[in-house]
1. Quick check on my filter: what residues within the stretch 36-65 are surrounded by fewer than 17 Cβ atoms within 10 Å (Cβ to Cβ), among the aromatic types (Phe, Trp, Tyr) and in a helix (DSSP H, G or I)?
2. So, of the residues in the stretch 116-129 that are at pLDDT below 85 and open to solvent by 20 Å² or more (accessible area, probe 1.4 Å), which turns out to be nearest to residue 232 (Cα to Cα)?
3. Of the residues 205, 197, only one is part of a strand (DSSP E or B) and out of contact with any Asp or Glu (no Cβ under 8 Å at 6 or more places or on another chain); which?
4. I need the full set of residues from the stretch 1-18 which are open to solvent by 90 Å² or more (accessible area, probe 1.4 Å) and either among the basic types (Lys, Arg) or over 25 Å from the mean Cα position of the chain (by Cα) (or both), in order please.
5. Are any residues in the stretch 19-35 open to solvent by 90 Å² or more (accessible area, probe 1.4 Å) and assigned to a loop (DSSP other than H, G, I, E, B), and if so, which ones?
6. If you check every pair at least six apart or on different chains, which have Cβ atoms under 9 Å apart with a residue in the stretch 58-86 that is β-branched (Val, Ile, Thr) first and a residue that is assigned to a loop (DSSP other than H, G, I, E, B) and surrounded by 12 or more Cβ atoms within 10 Å (Cβ to Cβ) second?
7. Hey, can you tell me all the residues within the stretch 162-193 that are open to solvent by 10 Å² or more (accessible area, probe 1.4 Å) and either part of a helix (DSSP H, G or I) or in contact with a Phe, Trp or Tyr (Cβ under 6 Å, 6 or more places away or on another chain) (or both)?
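The values are calculated or read from the model by the stated rules, or taken from the named source; none is laboratory data. Keep in mind that what you see is a predicted model, and the values were worked out from it rather than measured. Positions of Cβ are generated from backbone atoms using ideal geometry, with glycine treated the same way; all protein chains shown enter the neighbour counts. When the accessible area is computed, the model is the full protein with side chains, heavy atoms only, and any ligands, DNA or RNA have been set aside. Shrake-Rupley method; radii C 1.70, N 1.55, O 1.52, S 1.80 Å.
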Amino acid sequence: MWTPTTRRQHSRGHLSYPSDLTDGEWEIIAPFLPQPARTGRPRAWPMREIINAILYVLRAGCAWRRLPKDVPPGSTVYGWFLRFRREHLFEALNHHLVILDRERVRREANPPAAVINSQGVKTIEAVDPSYDAGKKIKGRKRHAMVDTDGRGLVLHAHPADIQDRDGAVPLLQASRRSFPFIELAFVDSAYNARRIEDATCIAIEVVKKIAGQVGFQVLPRRWVVERFFAWINRNRRLAKDFEAFVASATTFLYAASVILLIRRLARSA
């Protein structure tokens, strides 16, 4: 519960920017980041400043070249972002943090159940968009698999014209590598298809609308993934899909999930 005491304890007012990592947050992720090479030219900027700059872009939604003057140059930060994207660093980091956070609350490290849903998001003019006839959105679609507490497990971005029942298949298949003990997935009626049931050994349970439901109503299980989308959409970079490449869009999704987990772990330390 947030009180004046806890707000002072977790205040970010002493940081250069609110998106910067605190000392406690940095200690959690530092072991997973690339270490300086033993040979070659030394790094001009500390890795912590690089990560802070990437998180600034994520939170503020600015272009790389619009980074403030007191952080590493935009070209340097973007170069590191491309390396992290290529090496799937934020994806691996998210996997480790999910396990740490589940162990923190005394739950099994690997979740036995998950919830799946998608979110349509508009793109900018420079990106060639596709049209989602179901959600009536011209842009891209984000697919998320979360555990029953709402932690992001597997996140994908793909064209909006791919139906949910088709987009869920690679999501389910990817989950077998990182979270192989998932046995049950809760979905909505859009995923009620044979191809999803046959994609993996994960059992699919459709959570249907309440009989006679009018308008919005919170449904069991399904609400946690909607809350996850609401959490990550606080980052302005995710308010629209600004990325020219789907791989970059997916990387920012994992970065947003990582921030949620880092802050939760640091506050409980």
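1. Selection gives 64 alone.
2. Of the stretch 116-129, the ones at pLDDT below 85 are 124-129.
Narrowing further to those that are open to solvent by 20 Å² or more (accessible area, probe 1.4 Å): 124-126, 128-129.
On the way: 124: 19, 125: 23, 126: 23, 128: 24, 129: 22 Å.
Ranking the candidates gives 124 first.
3. Answer to the check: 205.
4. Once the filter is applied, which keeps residues that are open to solvent by 90 Å² or more (accessible area, probe 1.4 Å) and either among the basic types (Lys, Arg) or over 25 Å from the mean Cα position of the chain (by Cα) (or both), the stretch 1-18 yields 4, 7, 8, 9, 14.
5. Of everything in the stretch 19-35, just one residue is open to solvent by 90 Å² or more (accessible area, probe 1.4 Å) and assigned to a loop (DSSP other than H, G, I, E, B), namely 35.
6. Within 9 Å, the pairs are 71/16; 71/17; 71/45; 76/45; 77/45; 77/67; 77/71.
7. If the condition is that a residue be open to solvent by 10 Å² or more (accessible area, probe 1.4 Å) and either part of a helix (DSSP H, G or I) or in contact with a Phe, Trp or Tyr (Cβ under 6 Å, 6 or more places away or on another chain) (or both), then 164, 165, 166, 169, 170, 173, 174, 176, 177, 178, 189, 190 are the ones that fit.
Residue-wise test of (1) free of Cβ contacts under 8 Å to residues at least 60 places away in the same chain; (2) surrounded by fewer than 21 Cβ atoms within 10 Å (Cβ to Cβ); (3) among the aromatic types (Phe, Trp, Tyr); (4) more than 20 Å from residue 225 (Cβ to Cβ).
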| residue | (1), (2), (3), (4) |
| --- | --- |
| 96 | no, yes, no, yes |
| 108 | no, yes, no, no |
| 114 | no, no, no, no |
| 131 | yes, yes, yes, yes |
| 141 | yes, no, no, no |
| 146 | no, no, no, no |
| 149 | no, yes, no, no |
